[in-house]
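Participant: Questions regarding the structure given below will be posed in turn.
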Amino acid sequence: MAASWWLVGLFALSAAACFVAALHGSRLRNDDARRGLRWLLVLVGVWGLLQAGVLLAGREPTAVALYVLALIVGFATPFAWLYFASAYAGRDYHRRSAYRRAGLAVYVAVVAAKLTNPIHGRYFDASFRTDPVRRLLIDEGALYWGSLALAYALSLVGFYLLYRLFRESEHSSWTLAGLFAATGLPVVPNAVAQAAPSLLPSLSYEPLGVAVFAVGTVYLVEDTFLAVERTATRSFVERTAGGVLVLDADGRLRDHNERAAELFPAIADGATRVEEVSPPVADAYREEAPVLVDVVDAGGDERTYCVTSESLSVGGAEFGWALLVQDVTAIERQRDRLERHEEQLGDMAGAIAHELRNSVAVADGYLADAAERLADDDAEGAAESVAVARRRVGRIGGVVEDLHTLVRHARDFDEPSLVDFEAAVADAESAADADVAVTVEGSGRVLATPTRLKQVFKNALAFAAFNGATAVTVSLTDDGFAIADDGRFAATDGDEAALLFEYESAEPSADAGMSLPNVRALARVEGWTVEPDPGYEDGVRYVVRGATVERDPAE
């Protein structure tokens, strides 16, 4: 007799529903969840077609072959289901290589048991009947029931992940939960087929339940489907180290995590708009790419935050923004420090090239002059030239010592601290070999590496001594300090003044040494700038800017 056409039609219809839903796709934002859902629908669709093929088969070998293929495809669906459930719930189990390898090993072992059934006969025993209808009768073995229990256990893990998701969701998800539950309804016809084979053939009816789920989620409650997924996404970012801010379309604060409250104290004070939480973040959060913003924390310190924003929408309508804010201050400071050290290496190369080349060239010139004087029997003049050459060669030792000092202080990675301004100048004065009177104007503290700041002042006093100064004035400013001397050389021209700080310059003379270039190099390591004051006519004056200064209250 003919096959049960109504069952064939149901399986074919379920397969068609799954294929259409897979082609339609989904607007899920999670690529893994979208991929897992499509594979689940495709596998179940193929499974349904194979079940229909078993009912239509006219010969036992064909029916058995289709039945085995259906078992193989059907056992793959729990793994696709687990992949989808893990991704949709915001978990990462589906990406863990250990779980993937274990799943593949289990699947291969079960498929091998199915394919070798003709040898061991412990999976199932089949017979083909034509009365009252054409059907394949299956007598399931122990391996069949074991693999079935495993498949249902795997499926229950996926249901548990979704249960946790629905319980934590802020959206009404009972309709969606009902659709997921529909995937388990085929357990009823499966039980009937086992209890009364004359009523229903021994087939797997799961494709029918998955078809109901596919049609419902893709066509009927997709907005709820998407909204609940975003709750899973929020659950994921809640576990990140960054601060999370959820804003509505008008920039009002709707939700945040604990880390966000730590980063933005205004939240605890009752701020309700992003402009109140942080004006720099308010200016940057609508940018597509991550943005670095500078903010001032509760302690008054400057911090650098990386703001990554993503638009939120349901049903094609935008309803807000999700912001991930990470404190990258330490990383940015380290990057700035590395850049400054790269600049420092360039300065050192220039210093070595200029100072050593200059000293060697001068010594070579005087030695040549001494040779000429000896040839002219001018022993006294030759002795003078040799003496100058010796002094220049001796100067090379001082140059090397200066370079060693520069390298030592440039590589000082100690954390900066607030250094007493007057004490730092006094320490430098006592350590410097400079016969100048030092006057300090202003009192307070400068954020700097103590040893490096002291070396800056030592180099400044060394240049003042070379410049023939009798007095040096060191003045504290709002963003640094200024140093002025009353020496013989006055850099009143802007270009000429700038040359004072170049290693390869000969201003004010080749004997000026590395003092002022070292001042600039060490200041740059601290992140400061040094600018000469060409308007100062009583000597040399320059201003260091970019420092953090705390003035005493009297100031």
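The values are calculated or read from the model by the stated rules, or taken from the named source; none is laboratory data. This structure is a prediction, so every number in the text was calculated from the model and none was measured. Backbone-built Cβ (ideal geometry, glycine too); neighbour counts: all protein chains shown.
Participant: Give me a count of the residues in the range 251-276 that are among the aliphatic types (A, V, I, L, M) and part of a loop (DSSP other than H, G, I, E, B).
Facilitator: So the answer is 2.
Participant: Further question: Taking the condition crowded, with 16+ Cβ neighbours inside 10 Å, at pLDDT below 90, outside the structural domain of D336 (by TED's automatic domain parsing) and out of contact with any Lys or Arg (no Cβ under 7 Å at 6 or more places or on another chain), does Y542 pass?
Facilitator: Spelling it out, it is not the case that Y542 is crowded, with 16+ Cβ neighbours inside 10 Å, at pLDDT below 90, outside the structural domain of D336 (by TED's automatic domain parsing) and out of contact with any Lys or Arg (no Cβ under 7 Å at 6 or more places or on another chain).
Participant: Moving on. Restricting to helices (runs of 4 or more DSSP H) lying wholly in the range 38-120: which have 3 or more residues that are over 16 Å from A151 (Cα atoms) and aliphatic (A, V, I, L, M)?
Facilitator: Those helices (runs of 4 or more DSSP H) span 60-88.
Participant: Okay, next question. Taking D347, is it modelled with pLDDT under 85 and either in a strand (DSSP E or B) or surrounded by 14 or more Cβ atoms within 10 Å (Cβ to Cβ) (or both)?
Facilitator: yes
Participant: Something else now. Can you work out which of the residues in the range 457-502 that are outside any strand (DSSP E or B) and hydroxyl-bearing (S, T, Y) is modelled with the highest pLDDT?
Facilitator: Across the range 457-502, the extreme among qualifying residues is T470.
Participant: Let me ask something additional. Is it the case that L292 is surrounded by fewer than 16 Cβ atoms within 10 Å (Cβ to Cβ), at pLDDT 75 or above and under 19 Å from the mean Cα position of the chain (by Cα)?
Facilitator: When the stated conditions are applied, L292 passes them.
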